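Just so it is clear, none of the values below were taken in a lab; they were calculated from the coordinates. None of these values were measured; they are calculated from a predicted model. With ideal geometry, Cβ positions are generated from the backbone for all residues, glycine too; neighbour counts draw on all protein chains shown.
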Amino acid sequence: MAIDAETKARLLLSFHESIECEGFTLSYGYKDEKVLLEKFDCVVRAYLTLKPSYRAVIRDITQRMAEGMHKFTVMKVETTQDYDLYCHYVAGLVGIGLSKMFVASGLEDDILTQSETNSNHMGLFLQKTNIIRDFLEDHEDVNEETGVRRVFWPKEIWGLYTDSLQNFTYGKNETQAVACLNHMVADALRHLPYCIEYLSNIKDYQNFLFCAIPQVMAAHTLSLCYANPAVFKGKIRKNLGECRNVQPVKIRKGLSAKLMLETVSMESALDIFEDVIDSISDRVSPSDPTSREMWKSIQAVRDLVIMGRNDAHSCKGVEPRWWEDTIKSSVTAIHDFTPVLISMLIINSLVVDFAMVVGWEWWSKTVVQAGPWHSVVTLWCLFFYSWSLSCLLRGSYAGLTCGALIHLTWSFIELGLGFRQGMMHLDIMAEVVPKCLASGCLLVCSRRAAFRKLTPSHEIKVLRLKAL
């Protein structure tokens with residue numbers, strides 16, 4: 001369901017007050033947006049559990065953002081100042097709010113909030129990159145009631161190259177379209193030096209990753225868009241108020257993963273930014289109308305990269321502690337290894353232990369009937385391992401802690417009985433060690449958050465083969 005202009009204005013301007021009211025919900029929009037608004041009382045409950053200092057920041061930023069969004073319901077993006085102001089309201093304020101929350105948490109110094117400039121530029125760089133990349137998707141999204149298109153590119157820029165943005169869609173007037181595109185990229189790139197300066201002031205490692213990874217991805221996306229006529233092409237799909245380009249210009253998943261893994265310090269982020277700048281500079285044509293502005297932005301980033309490398313503080317402040325990385329890597333390895341270990345123990349229990357229970361020792365000519373204790377332990381192991389494997393594959397970890405502790409207790413009892421019956425030490429260890437190892441791994445896995453359904457259209461599906 002769409003929202004009329006009067007209702008939209010009222011809801012926007014009072015939203016910062018509504019989030020303080022328990023049970024607040026709405027019923028507008030389509031698909032996932034509609035689901036979110038109908039269940040917004042869950043968001044409000046979570047918001048009300050936050051510390052007062054965090055809530056004050058969120059309330060303030062929400063109010064300022066809503067007022068700005070209301071302003072642009074009637075105001076168009078005509079000049080570059082309008083463009084910067086729009087991006088400030090929808091993204092720059094997010095950066096400002098996050099900086100305030102970082103400082104409120106005590107993890108960062110006040111330097112992040114002494115001026116809103118760098119925080120604002122962080123948001124503008126991300127938002128402008130998305131606006132450039134999503135040109136066709138936004139342009140083809142027409143309001144059914146007013147017939148107005150979503151246009152975020154400022155007329156001050158595109159008016160230099162055409163009378164209408166319609167002339168750039170689907171490969172039309174490619175030379176002028178690419179020249180306009182490069183102008184937009186040059187405008188976005190001027191924010192990158194401020195982003196680098198902001199990142200150099202972050203002390204906490206997790207905060208650094210949270211801020212740096214989106215920035216390096218945006219930088220690579222911007223490089224991919226530069227001088228790329230594919231930005232104006234694609235395949236538009238419209239459904240229930242949603243307009244989407246199903247063939248957008250975007251970095252490959254492999255590169256995204258590589259950037260996430262490699263962005264571990266300020267030094268590595270500087271290396272990535274330098275690679276991006278070098279890639280763009282190789283494609284700057286002297287005949288491009290904005291080549292001079294582009295070279296200025298490129299040189300500004302290069303100068304800051306050099307300064308950042310020479311500044312020991314900017315490179316050491318966010319270095320990860322070795323033991324944190326070791327623990328994370330170990331936990332990840334355990335999560336991947338546990339389903340394989342449990343599967344092997346199930347096979348072993350069936351092929352060896354259960355065979356002894358039924359009196360079929362296929363590996364020996366002498367048949368020895370297993371005692372009642374061994375039969376009970378074998379049946380318990382088969383049940384426990386099967387149940388544990390099922391939990392791991394379904395992503396449901398409730399009860400694993402209790403089950404693992406019971407299994408560990410059984411293992412120690414079996415160890416004591418083995419010594420009492422005079423079994424060989426090697427035989428006892430071969431029986432008990434894998435069970436203790438399985439219990440330990442399951443205890444680690446039980447600390448993992450369970451998979452949950454997000455919305456009806458985004459159900460998380462566990463890939464069983466991949467887990468194995």
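Computed quantities for the displayed model
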| item | result |
| --- | --- |
| Segment 99-139 pair-distance distribution - Cα-Cα, 10 Å bins, rounded % | 28, 34, 23, 15, 1 |
| Relative contact order of segment 133-263, defined on C-alpha pairs under 8 angstrom at six or more residues apart (%) | 32 percent |
| Across 203/296; 8/128; 203/250; 39/100; 8/100; 8/39, pairs whose alpha-carbon gap is larger than 22 Å | 203/296; 8/128; 203/250; 39/100; 8/100 |
| Potential extension, residue 30-residue 337 segment - 0.36 nm per residue separation minus Cα distance | 106.4 nm |
| Where trypsin sites (Lys or Arg not before Pro) fall in DSSP loop in segment 270-305, at most 16 other Cβ within 10 Å | 283 |
| Inter-label distance, nm, simple model (7 Å from Cα along the C-beta direction), residue 433/residue 44 | 5.9 nm |
| Per-selection Rg to Rh, segment 122-267 - Cα, Kirkwood hydrodynamic radius | 1.01 |
| Cα-centred dipole magnitude for segment 1-93, charges only on beta-carbon of K, R (+1) and D, E (-1), debye, nearest 20 | 220 debye |
| Placed amide H near residue 203: partners under 5 Å, 5+ positions off or other chain | 109 |
| Segment 1-130, relative contact order in percent, only Cα pairs under 8 angstrom and at least six apart counted | 21 percent |
| Förster-model FRET efficiency, 56 Å R0, residue 7 and residue 156, C-beta, rounded to 0.05 | 0.95 |
| FRET efficiency estimate (nearest 0.05) - Cβ-Cβ, residue 174 to residue 80, R0 25 angstrom | 0.55 |
| Peptides ranked, highest mean first, by Cβ atoms within 10 Å: ranges 21-29, 59-67 | 59-67, 21-29 |
